[in-house]
Structures are given as structure tokens and as C-alpha cells.
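What follows is a short report on a single structure.
What follows draws every value from the coordinates through simple rules; no lab data is involved. Every value quoted in this text rests on a predicted model; they were computed, and no experiment measured them. Reconstructed Cβ throughout: ideal geometry from the backbone, glycine too, with neighbour counts over all protein chains shown.
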Amino acid sequence: MSNTEFDRKPSDKAKTGAPLLACYDDLEASCAYGWSMLARGVKDRKSAFHTPSIATIAANGSPTMRTVVLRGCETDAKTLRFHTDRRSGKIAELQKNPLAAMHFYDAGAKIQLRLAVRLEMLSGDAFDAAWEATRPMSRECYQVTQSPGSVIENPAQVQFDAAASQDGEMHFVPVAAHVLRMEWLYLAARGHRRAMFDFENGTQNWLVP
């Protein structure tokens, strides 16, 4: 259930349903509201936007999807960040095709965001900052000696080696998701609102829901 607080305006008494968001008929405000939900998703573990789905393209051309944890949001730069193991399938996939899609849905708020993104493995200062901010518990995930997805006979065969993996740092990689387009969908009893924000071309348009 969503814990997001909303700036709402009263709906027409003749209509049914929950009060409408103030951005209901405002394109720019809808875009800003979407970004505010993404920013909150980084900070609030209870937010539905904290764990989005991301789809990349496998070598055989088929899509592959998984859940990631949202770790960063730079609204002005239109960039999100998540962390992963550099040995994982998604890294091999983004190296061949950096274009991907991300999906966010808050059932309580009845808001869906579909993002077209370009993925980039971060290095240098950006890598160092992300690693320093990673908690000891999270670092354990990257201390596993086998690559993610490796076949094992039973779960007890998963092995950890902090020393050999430099506390997990050698397997850790932060990934930036540069948002190219954002599709906004707000489900409301009065009438749904759908819009497309194209950040590459600087356009925004309402869409038929």
C-alpha cells in the first residue's frame, strides 16, 4: 500500500472516486510529480518506487526482466542509479545494447511510469561514491565467489570470500539509467490521464489512456 503523500485538490461532487492530484490536467506538473515519486523511491524503502523492474535485451534478442533497488535519482540530469554484480547477465546485455526499459507502479497512488533508458556502468569518482555509500550487509551480496545464475546442486554450495573479492568491491558496479522518455499514467475515476515526456527531443504530449 502506498505511503506517498499527495497534494490533492477536491474532485467534483458529481464525480466518484478519490480526490484528484493537483497535477491532473497539468502536463508539466505531472512530469514533476513523477520525478518526485522517483526521488522518494530512493529514500523511502516502503515506497512502491523503491524496487522497479528493468528489462534488457538478451543476446538472442528476447527481453529479460528483473527487479532492482533504486539507489539514486538526479532529477536535473534525468538519471537514475541502481547497483548490481558486474558478472550478472544484465551487465553482459547492456554492454551489447545499452537501451532498456524500467517500470514503476504504485497501486495506492494509481500511478504508473514507464521509462525508456540508456544504461551506463559508472567508474571513477562515481563508482567510489556509490561503493562508500553501500552498507556492509549489501556488500556481502558481492562477496559470492560464483557468478550470479551459476548452476549449483544445492543452496549450501554458495560460497563467500570477502578477502578474495576485496570485500565485494571487485564484483560491485553502479549503473546509471539515463532517462530518455517517461510515460505517465494516472488512473482516476473521473478519467485516466496519460502523457509522454520525451527528454531527448524536449517534447511533451497527452496521450489517449
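How fast does the chain diffuse by Stokes-Einstein, in µm²/s, taking the Kirkwood radius from C-alpha pairs at 20 °C and 1.002 mPa s? The calculation lands on 114 µm²/s. Screening the chain for whole DSSP H helices with an alpha carbon extent of at least 27 angstrom along the helix axis and a mean Kyte-Doolittle hydropathy of at least 0.0 yields nothing.
The alpha carbon convex hull volume per residue for the range 87-209 rounds to 177 Å³. Counting Lys and Arg as +1 and Asp and Glu as -1 over every other residue whose Cβ lies under 14 Å from the Cβ of Arg66, the net charge comes to -1. In the chain, once you exclude exposed GluC sites (Glu not before Pro) (DSSP loop, at most 10 other Cβ within 10 angstrom), what's the longest stretch remaining? That gives 6-152 as the longest site-free run.
Just to confirm a number: summing +1 for Lys and Arg and -1 for Asp and Glu over residues other than Thr84 whose beta-carbon lies under 12 angstrom from that of Thr84, what do you get? Could you put the intermediate results ahead of the total?
Numbers: positive: Arg66, Arg71, Arg81, Arg86, Arg87, Lys90; negative: Asp85, Glu93.
In short, +4.
What longest range of the chain stays clear of loop-exposed trypsin sites (Lys or Arg not before Pro) (DSSP non-H/G/I/E/B, at most 12 other C-beta within 10 angstrom)? Spell out each step's value before the answer.
On the way: sites that count: Lys13, Lys15, Arg45, Lys46.
Longest gap between qualifying sites, sites excluded: 47-209.
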